[in-house]
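To start, the structure under review is shown below, and the notes come after it.
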Amino acid sequence: MHEEDLAIIKALVPVAWADDVFAEKEEATLEALLVAFNATDEERTQVLEYAKEKKTLDDIELQELSADDRRILLQHAVLLSYVDGEQGEAERQFLVKLVEKLKIPSDEAQGLMDFASERAKKLLGQL
């Protein structure tokens, strides 16, 4: 797995914890991403161990994420925020703070989040 992909997945862990609960569906979604990114067993174990304890925005390492990686992360974060069937207030607030942390211009970020939200809503039955 590429280091950039690993950084994106690890940065999704705080998103999964945004509502203070790391639910089974969130874990399953992270595992599916690990498979999609061709993670090794060692990388899978590393991420799942990392996710066992609550992570926050402060745990996201920006220097590991390029400008493009940050945009991919934001879109994946929106998808992950819907994985339990709806995007809660805690997740919405977290995404606003994530945009600030990622230093993505607000107009661009809103477009990325709108697109990802529409996609997530269409995929809800599969998540």
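Using the Karplus relation 6.51 cos²θ - 1.76 cosθ + 1.60 with θ = phi - 60°, the per-residue 3J(HN,Hα) values for region 97-114 come to 5, 5, 4, 4, 4, 6, 6, 9, x, 4, 5, 5, 4, 4, x, 5, 5, 4 Hz, with x marking Gly and Pro.
Rounded to 0.05, the FRET efficiency of the D68 and A28 pair, given R0 = 25 Å and the Cβ-Cβ distance, is 0.45.
The chain gives an Rg/Rh value of 0.92, both radii derived from C-alpha positions and Rh following Kirkwood.
Using the Karplus relation 6.51 cos²θ - 1.76 cosθ + 1.60 with θ = phi - 60°, the per-residue 3J(HN,Hα) values for region 79-86 come to 4, 4, 5, 9, 4, 8, x, 7 Hz, with x marking Gly and Pro.
The equivalent ellipsoid that matches the C-alpha gyration tensor of region 1-73 spans semi-axes of 17, 16, 10 angstrom, in descending order. Computed from label points 7 Å out along Cα-Cβ, the spacing between M1 and V96 is 3.2 nm. Put a dot 7 Å past the Cα of T56, heading toward its Cβ, do the same for D41, and the two dots end up 3.6 nm apart. The dipole here belongs to the chain: it is taken about the Cα centre, uses +1 on the Cβ of Lys and Arg and -1 on the Cβ of Asp and Glu, and is about 360 debye.
What FRET efficiency would be calculated for the residue pair K122, Q75, taking the C-beta separation as r and a Förster radius of 22 Å, to the nearest 0.05? My answer for the efficiency is 0.95.
No lab work stands behind these numbers, since they all come straight from the coordinates. Everything numeric here is computed off the predicted structure, so don't read it as measured data. Note that we place each Cβ from the backbone using ideal geometry, even for glycine, and neighbour counts take in every protein chain shown.
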